[in-house]
Amino acid sequence: MRFHLIDRIETCAPREHITARKVTSAGETYWQDTGDGPALPFGLALEALCQSATWLIMLSTDHRLRAALLAVGEATAHRPVRPGEVLRMHATVESMTEEAALLDGTVTVDGENVLEASGILCALIDAERLDDPAATRRMAHQLQGGGPVG
């Protein structure tokens, strides 16, 4: 993953669910001016959820497979995300084979839903085709609170 929207993996039950977080900062470059102040673009909140789902797939398959987004059945934004808010992404596996996974998920701020998505369909591909396996394992270790790996 080249554009990281996950700061920490809080919980993960392989092949079941994951909860991850992203602490937003006013210093980041992606904010849109809405007239009511800066807001996180809807697509980036959805991307954060999809990145969480990708980590769930990788952790569920010992980093062997990675999710490649094919489609999102439905996604609804409930309110804007503002700088300084902490996003919590929760993704749940609805079904999973060696070739594909179907997930649902939410993005919350302080327990309030800011985005819901269902029918997140992903093809599962060989993770080594996209990233260096050692680098992926180091990042997973760091995201799960293990600190830097030297």
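The values are calculated or read from the model by the stated rules, or taken from the named source; none is laboratory data. Quantities reported herein were computed from a predicted structural model and do not represent experimental measurements. Note that each Cβ is placed from the backbone with ideal geometry, even for glycine, and that neighbours are counted across all protein chains shown. Please note that ligands, DNA and RNA were not included when accessible areas were found on the heavy atoms of the full protein model with its side chains. Shrake-Rupley method; radii C 1.70, N 1.55, O 1.52, S 1.80 Å.
Is at least one residue of the stretch 121-141 at pLDDT 95 or above, surrounded by 14 or more Cβ atoms within 10 Å (Cβ to Cβ) and within 15 Å of I18 (Cα to Cα)? No, there is no match, as no residue in the stretch 121-141 is at pLDDT 95 or above, surrounded by 14 or more Cβ atoms within 10 Å (Cβ to Cβ) and within 15 Å of I18 (Cα to Cα). Among the residues of the stretch 24-33, those identified as surrounded by 11 or more Cβ atoms within 10 Å (Cβ to Cβ) and either out of contact with any strand residue (DSSP E or B) (no Cβ under 6 Å at 6 or more places or on another chain) or within 12 Å of L87 (Cβ to Cβ) (or both) are T24, E28, Y30.
When R79 is tested against (1) under 23 Å from E10 (Cβ atoms); (2) basic (K, R); (3) modelled with pLDDT under 95, only condition (3) is not met. Looking only at residues in the stretch 111-120 that are touching a Lys or Arg at 6+ places or on another chain (Cβ under 9 Å) and open to solvent by 50 Å² or more (accessible area, probe 1.4 Å), which one is nearest to A45 (Cα to Cα)? Among them, the one singled out is N113. If you filter the stretch 34-44 down to residues that are open to solvent by 50 Å² or more (accessible area, probe 1.4 Å) and assigned to a loop (DSSP other than H, G, I, E, B), you find that the one that is farthest from V109 (Cα to Cα) is G35.
The single condition from (1) in contact with a Phe, Trp or Tyr (Cβ under 9 Å, 6 or more places away or on another chain); (2) assigned to a loop (DSSP other than H, G, I, E, B); (3) farther than 18 Å from I6 by Cα that A75 fails is (2). Applying the criterion of being in contact with a strand residue (DSSP E or B) (Cβ under 6 Å, 6 or more places away or on another chain) and of a type in the set (A, V, I, L, M, F, W, C) to the residues of the stretch 76-99, the residue that is surrounded by the fewest Cβ atoms within 10 Å (Cβ to Cβ) is V86.
Annotation: of all residues in the stretch 1-23 being at pLDDT 95 or above and among the basic types (K, R), the one that is least open to solvent (accessible area, probe 1.4 Å) is K22.
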